[in-house]
Every structure is written in C-alpha cells, then in structure tokens.
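Right, one structure below, let's go through it.
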Amino acid sequence: MTRDYVGAIDQGTTGTRFMVFDHDGRVIASAYRTHEQMYPEPGWVEHDPAEIWANTEAVVAEALADADIDPARLAAVGITNQRETTVVWDAATGKPIHNAIVWQDRRTTDRVEDLRAAGLADEIRATTGLECDAYFSATKVEWILDSVDPSAVPGDRSGSLREQAREGDLLMGTIDSWLTYNLTGEHVTDVTNASRTMLYDIRDLSWADALLAEFGVPEAMLPEVRPSVDDALYGHTDPGGVFGAEVPVAAALGDQQAALFGHTCFEPGDAKTTYGTGAFSLLNTGTEAVASEHGLLTTIAFQQSGEAPRYALEGSIFATGAAIEWLDDVDLIADAAETEALARSVDSTDDVYVVPAFTGLGAPHWDGRARGTIVGLTRGTRKAHIVRATLEAIAYQTRDVAKAMAADAEVEPTTLRVDGGAVDNDVLCQLLADIVRTGVARPAVDETTALGAASAAGLAVGYWDSLDDLRANRRVDRTFRPEMVAEDADAQYDRWGEAVERALDWAREK
C-alpha cells in the first residue's frame, strides 16, 4: 500500500489534536479534544496524563475514521507538545504517579528564588540557555520526587521515590516522551524538549551532571535524547494499538519549535510568534547558540539526523490567549470572536492599559511575583476599552520580546510570521504590525505547529526530500503592514512600560 500521508499529534495546553497532511501540506483530516485544567491551589496547574493519552487515542481514531484513511497509508507520524509540562510514571505499570505539572505552574517559585540567592542562576543560564524559573521541568520533577507519598504509588516496591528513580523504576519526561512511550514503548525525547527541562547542556548535547545532582534527578529516569528529525526513528506504533498499523514515529519537537519548523524558518534571522495560551517568539540564530543579555532564552530550534543543531532565541509570554479567556471569565465577552468587533468600536483604549500577568511575567522581565493589573480606569471606561487594551497588551508584549531579540542577535526580522487562534483577529494582527513596527504574515494553514511536526516526520522518512520541498508548500493568507505613525506607537509603548512597572513584584507570602 502506498504511503500517501503524514500525521501529527499536537498535544497542547488545553487539548489534543491529530491532523493528517498530504504531500502539498494540505490538511486532509483533523480531530480535537480538550482536557481538564486542574488548579489544586492558587498558582498550581495540573493535567491528568491518562486523560491526555485517552484523548490522543480518541482523536487519532476519529480523524482517520472521518476521512476514511487507512492508517497503513501514513508514511510517518510526528509529535509536538506543550514543552515543560512534566510527567513521572512507573516503568512497570506505565501509570503516572502524579498528575502532570504544567508549564504555567508556579508552586516551585520559592525554590527558584533560593537557587537565585545561592548564585546558581548564571550557571543554569550558561549550561541550559534558560532563566532559572519555575516554568521549566527541573523543579517540577524535583517537587514530585520530594512531595508524592511513595506509599500512594501502586506496586510492591519499597524505598523513597528517589531510590526508585535511581533504579530506573520511575521514568520522567515531557509530554512528547509520555506519548512516544505509550505509542511505541520507547523512552525517548528530542533535543528541543530536552532543552526545556533546565537539566540539559544545549552545547554539549547531554544531560548536565551538575544540574541532575542539584535537583536530585537520577539520569536513569531520563529519556534518551534524539534528533528532532530522526531518520533512525523513535519506534513504530503497535499494530494492535490505536493506529491499527505499524506506523513510524519519526519526529518530535516542542510546540514552539514545531511552529518555527512549520513556518519554514530554517535560516538565521527567520522569526515567528505563536499565539496560544501564551505567546512564544523564536528567532533562528543558525548553528550558534547566542547567549542573551536581554532576558531571552537560548534554546535548540531543531536538529536533523547527522547535522549540528540549529539554535534560537526565544521570548516566552505567559498570557495571551489566557488573557482573552479571562475576558470571558469575567463576562466582558461571551466569545473570543467578539473581541474584534469590540476593539473596532473604539478608536483607542482611552489610556487604559491591561497587564495580563496572571501567573507572573516571562521574557524579558522574568518576575514570577508580578500579577495582573489594569491602570487608567475612569468613569468613562467601557468594556470595549478594556477589551482593546487586552489586545494591545498582546502586541506590547510581542514588542518587548522583538526589541530584546534585535539587541541580542543584532538582526531585526523584516516580517514576523504568526500563527495560533488569536491571529484570526484582524484587529490584533494590525495592532501587531503597528506596535512591533514590522510586517506580519498570517499563514493559510493556521495549524502551523501540527504542520511542523508532520513536516519533520515526513522529512525523516523521505516523504519530502529536502527543506526546499517544505518551503515550496508554504502559503500566506495575508500580510499586515504598519499603518500607525511611528511616534504614536513609540509613545504608547513607553506608556506600556509604566503600566508594567506597577504590576511587578506584587504577590507576596502571607
């Protein structure tokens, strides 16, 4: 049977999607399911890994059935995932020992502040390219090993969780590892996801012994790290499993790197921003791991088998789509689509600024104790002003990151490639162009993250021959150009900086 298609499992913060693409990069099938968001305590965010796996099985079956696709026609499957979210599971039973701790979770903020006070932040940044922050996996797995009651873990083993982990009885991974393990039985990850754990040396391409010791994470529980585009393959799906066929699992990329790949940002200077729950801007810096002096992260962009990794500078914004969801939570809108009409209904925010620091601020501020703030309210403020100010906040945060990237890499992208549900909003895209002062290119295929994972998998198995084949498939829906007077955009951006100052260092221990 001919291998006509490639598939992508896109496991995100709010749900799981399976998509099938043809050789021209067109969507042939798609299915999606959400999963529960759990908030056990303020600042804590968890997911049920078993629910995520069950949803993965469901969307694969649904998409293939709806499009009447025989899974044997899939040349390969790629995986993309919410990156820093961390799972620990029992190697014998395959069952999680605790809920997954989500990238947004702030429970380890005190531990991070202790690390900074001890002077370890510079070592962490030099080794991993990351800020010392609760965002990443290291303190999450440390918390699980320290805090979960060993007697609550099914099985006959004795000893602490750390002892079990040293024996290889417990396995740890980001969500890509969890899915690959369930699909193939292999415990692997790729370089992009490893680079988000705060445990991986991004230049030596190995787990960092000093950091494993600091966080008490035994190497025996960690996955093997492989190229993102792996012609040796991660494994094959079980013919008796959800696919009902032996399909190669050939690629994995963290969601933001997958979007970079899907946008064909293969050359130094290529940049993209993805707007989901948060927003993530990546700038390809080629084979050089550029150290940031302006609050950005240095991360691995992707690696092909037999080649040096490509690196990126990244700016992580914690709340963009989450800011729109908050508008719904407080009944300012009934649906995200309303934001465009409401924002158009006023000429400005009337000097209202929203700083959506619900779980702190990411790049370039890195303040885990910042909190959401609205400034400039008057009796004349209406919900349209607040809605427009929320959209503008997304653009201002993007400019924060773009400004830092330009300073670090000494290059400014002429066009910002964007994706994610929020960019369906023309007002937001125009605000981005006006405030960031660059062209904004919106793709014809909005599910760029899934496309990136599928592209990487197809490239690994020869479904596509080269990066040029992928470039030929790229299609742009619309490009937005700056219309606002530059001086006005600069003045508004300066005012945004004043609003941010009022949000910093707000959350204190009671």
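Observations
- Additional length obtainable on full extension of the chain from Ala291 to Ala341, 0.36 nm per residue less Cα span: 13.9 nm
- Shape of the stretch 224-366, Cα gyration tensor, a/c cut at 1.5: oblate
- Prolate/oblate/rounded label for the stretch 57-161 (Cα gyration tensor, a/c 1.5): oblate
- Calculated mean residue ellipticity at 222 nm for the chain: -10000 deg cm²/dmol, from DSSP H runs with n ≥ 4 weighted as -39500 (n - 2.57), summed, divided by the residue count and rounded to 500.
- About its Cα centre, the dipole of the stretch 387-510 is roughly 220 debye, where the only charges are +1 on Lys and Arg Cβ and -1 on Asp and Glu Cβ.
- Area accessible to solvent at Glu501, 1.4 Å probe radius, in Å²: 120
- Of the residues Pro309, Thr14, Leu64, the one whose Cα sits farthest toward the positive end of the charge dipole of the chain, with +1 on the Cβ of Lys and Arg and -1 on the Cβ of Asp and Glu, is Thr14.
- Between Ala220 and Arg26, the FRET efficiency estimated from the beta carbon spacing at R0 = 60 angstrom works out to 0.85.
- Approximate spin-label separation Glu163-Leu467, in nm, with each point projected 7 Å along Cα-to-Cβ: 5.0
- Normalised contact order of the chain, rounded percent, pairs of Cα under 8 Å and 6 or more residues apart: 15
- Potential lengthening of the chain between Met38 and Ala232 amounts to 66.1 nm, from the contour at 0.36 nm per residue minus the alpha-carbon distance.
- The label-point distance for Ala67 and Thr381, in a model that sets each label 7 Å from Cα toward Cβ, rounds to 4.6 nm.
- Each of Gly25, Ala245, Met198 was placed along the dipole of the chain (beta-carbon charges, centred on the mean Cα), and the one lying farthest toward the positive end is Gly25.
- Between the amide H of Val445 and those of Arg475, distances stay under 5 Å, these residues lying 5 or more places away or on another chain, with hydrogens modeled in the peptide plane.
- Placing +1 on the Cβ of every Lys and Arg and -1 on the Cβ of every Asp and Glu, with nothing else charged, gives the stretch 271-391 a dipole about its Cα centre of roughly 180 debye.
- Förster-model FRET efficiency, 41 Å R0, Ala50 and Arg481, C-beta, rounded to 0.05: 0.30
- Sites Asp329 and Glu410, calculated FRET efficiency, Cβ-Cβ separation with R0 35 Å, nearest 0.05: 0.30
- The antiparallel fraction among DSSP beta bridges confined to the chain stands at about 70%.
- Computed from point charges on the beta carbon alone (+1 for Lys and Arg, -1 for Asp and Glu), the dipole magnitude for the stretch 210-271 about its Cα centre is near 80 Debye.
- Helix screen, the chain: DSSP H segments with Cα axial length of 24 Å or more and mean Kyte-Doolittle hydropathy at least -1.0 are 49-66, 383-409.
- Gain on full stretching of the segment that runs from Glu113 to Trp506 - 0.36 nm per residue minus C-alpha separation: 140.0 nm
The values are calculated or read from the model by the stated rules, or taken from the named source; none is laboratory data. From a predicted model like this one, the values you see are computed outputs, not experimental measurements. Note: ideal-geometry Cβ built from the backbone for every residue, glycine included; neighbour counts use all protein chains shown. Areas reflect the complete protein model, heavy atoms only, side chains present, ligands, DNA and RNA absent. Shrake-Rupley method; radii C 1.70, N 1.55, O 1.52, S 1.80 Å.
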